[in-house]
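The values are calculated or read from the model by the stated rules, or taken from the named source; none is laboratory data. This structure is a prediction, so every number in the text was calculated from the model and none was measured. Glycine gets a Cβ as well: all are built from the backbone with ideal geometry, and neighbour counts include every protein chain shown. Accessible surface areas use protein heavy atoms only, side chains included; no ligands, DNA or RNA. Shrake-Rupley method; radii C 1.70, N 1.55, O 1.52, S 1.80 Å.
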Amino acid sequence: MASVRGPRSWRQTFLACMDFKYAGAVKRIGDLALRIMIVGERILPFRHAGDKNFWLDMIRRLLVAGHEVEALSVDIEATPGNGLPIRHVPQIPVYFRPDARFNAEHSQFGGVNNYVSKTTNVPIIFREVRRRQRTFRADVIHFADNFGPATVLLRAISRKVPMTLSAPTYHRNRPLYDVMLLTSFSSFAVVVPFSEAYRRRLLELGFPPGRIRRIRWGIDISRFTPPTDDARAAARASLGLERGKFVVLWTGFTQQTNETDLLESIRIASLTLERRPLEFIFCFKPEHFKPHFRNFERPGIRVVNTPEVFRSACTAADVFLCPIQDPRSIAAPPLVWPELLAMGIPILTTDIPGTDEAVVDGESGFAVRSPEEAQGRLLEIEADPALQRRLRDGARRIAVERFSVDRAMDEYVDMWSTLVAQSR
């Protein structure tokens with residue numbers, strides 16, 4: 001196995017500043033250390049509203065475990081690394097068609113969320129990976145995002161260094177989707193679907209089983225914990241909620257959700273409010289919020305778009321509502337799901353492939369097939385304190401058992417170590 005090479009001063013400084021509970025598990029045995037290059041969009045050195053918080057946690061843990069890491073963050077704007085080994089790769093937005101999920105102030109994100117932009121950026125990524133390899137000499141290169149069929153260009157690199165790819169979601173929403181998907185996977189030694197449903201779909205498409213390894217992504221289960229009664233009471237007070245009010249949270253847009261799913265959630269809220277005065281809080285990320293969403297507001301439905309209110313709503317929530325309407329989708333599930341499960345918040349979603357990774361029916365939430373069934377489940381939970389306690393306990397248990405980032409890191413390192421050993 002490869003040993004750690006090169007200067008250690010920056011890493012020693014980083015480790016000296018770390019204050020993780022797992023710091024005692026640092027591995028210093030040279031023959032277990034890897035040099036790992038991670039390539040993905042918007043890998044930032046701080047927590048934000050995107051799903052790359054998983055890779056931020058991974059990078060920190062890999063460093064603490066004694067591995068060398070270099071992350072190439074493909075982004076429109078450069079962000080200082082803040083002591084983490086993150087390098088900027090310029091991203092070119094292509095406004096092939098507008099992405100309706102983003103508002104005008106953040107339209108640049110829509111400009112990079114399409115195959116045309118991803119294809120345009122592949123040569124830039126290819127050049128930067130090759131350039132950094134001359135200095136960093138990674139043992140394995142992992143892509144945290146799929147940049148489309150043009151990644152066949154990466155075969156020139158894969159002959160020398162094992163390459164792997166994360167595959168969070170499957171969304172067959174255009175012609176030739178499966179063909180383009182398999183082409184984009186062809187350069188990688190192993191593809192990592194995040195759900196068992198996605199793994200099965202790849203097998204159905206004829207992708208070699210030996211090149212598939214399902215690894216769920218994860219969260220820091222010590223960071224996301226069930227709030228105390230005092231914390232819940234304070235959060236509810238800050239939101240101006242009456243004591244004892246049953247709170248349903250929605251947030252978006254997450255992976256594979258759009259305005260269709262938002263409208264379904266509004267319909268569920270309206271149906272439920274006809275029967276009982278619950279409180280529905282719809283939280284939007286700043287890049288997704290549009291002024292006309294305020295039109296959804298009425299007694300019992302609140303629309304907000306600030307991180308501070310979102311955090312309070314998470315602490316106050318009794319249930320997380322997140323229907324996914326497109327049956328062609330396979331859910332990752334979204335990273336916010338395990339975060340909320342770890343806080344003891346059960347999930348009410350729709351029954352599409354992949355949702356059962358996080359939503360175990362009757363244990364950590366429910367999967368429904370219609371707005372009327374969703375209404376019934378919400379009223380059932382609200383009326384039964386014993387069911388509420390059971391779902392909160394079950395939600396936390398599922399998060400700990402299935403979605404720990406430490407478990408994810410161990411599985412990734414095991415996969416990478418095996419590939420590196422085979423390549424020598």
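Below is a table of values for the structure above.
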{"read-out": "Gain on full stretching of the segment that runs from Arg389 to Arg243 - 0.36 nm per residue minus C-alpha separation", "value": "50.8 nm"}
{"read-out": "Sequence-distant residues sharing a close amide H with Ile38 (under 5 Å, placed H)", "value": "Glu70, Ala71, Leu72, His142"}
{"read-out": "Placed amide H near Leu348: partners under 5 Å, 5+ positions off or other chain", "value": "Phe320, Leu321, Cys322, Phe366"}
{"read-out": "Fraction of accessible area attributable to carbon and sulfur, the chain (%, probe 1.4 Å)", "value": "52"}
{"read-out": "Mean Cβ count within 10 Å, highest first, over the residues of peptides 70-76, 398-404, 332-338", "value": "332-338, 70-76, 398-404"}
{"read-out": "Gaussian network model of the chain, springs between alpha carbon atoms under 10 Å - residue of Leu249, Leu340, Leu153 with greatest fluctuation", "value": "Leu153"}
{"read-out": "Per residue, in Å², the accessible surface of the chain once ligands and nucleic acids are set aside, probe 1.4 Å", "value": "42"}
{"read-out": "Highest-MSF residue in the chain out of Lys245, Lys52, Lys118 [GNM, Cα springs under 10 Å]", "value": "Lys245"}
{"read-out": "Extension reserve of the Thr225-Arg276 stretch, reckoned as 0.36 nm per residue once the Cα distance is removed", "value": "15.4 nm"}
{"read-out": "Helix 371-383 axis, angle to the chain major axis (alpha carbon atoms, nearest 10°)", "value": "70"}
{"read-out": "Unit charges on C-beta of K, R, D, E only; dipole of region 304-356, Debye", "value": "80"}
{"read-out": "Diffusion coefficient, µm² s⁻¹, Stokes-Einstein with Kirkwood Rh over alpha-carbon pairs of the chain at 25 °C and 0.890 mPa s", "value": "109"}
{"read-out": "Pairwise FRET efficiency - Phe46 versus Tyr177, Cβ, R0 = 30 Å, nearest 0.05", "value": "0.35"}
{"read-out": "Ellipticity estimate at 222 nm from DSSP helix runs (n ≥ 4, -39,500 (n - 2.57)) divided over the chain, nearest 500", "value": "-12000 deg cm²/dmol"}
{"read-out": "Reduced Cα scattering model of region 149-212, Debye log10 I(q)/I(0), q = 0.19, 0.27 Å⁻¹", "value": "-0.71, -1.30"}
{"read-out": "Angle between the chain longest axis and helix 259-273 axis [Cα atoms, degrees, rounded to 10]", "value": "30"}
{"read-out": "Net charge of Cβ neighbours under 13 Å - reference Leu202; Lys, Arg +1; Asp, Glu -1", "value": "+4"}
{"read-out": "Column: log10 I(q)/I(0), Debye, Cα scatterers of region 271-424, q = 0.09, 0.15, 0.20 Å⁻¹", "value": "-0.35, -0.87, -1.39"}
{"read-out": "Per-residue SASA entry for Ile86, accessible area with 1.4 Å probe, Å² rounded to 10", "value": "20"}
{"read-out": "Debye, to nearest 20: dipole size of region 143-221, +1 on Lys, Arg Cβ, -1 on Asp, Glu Cβ", "value": "220"}
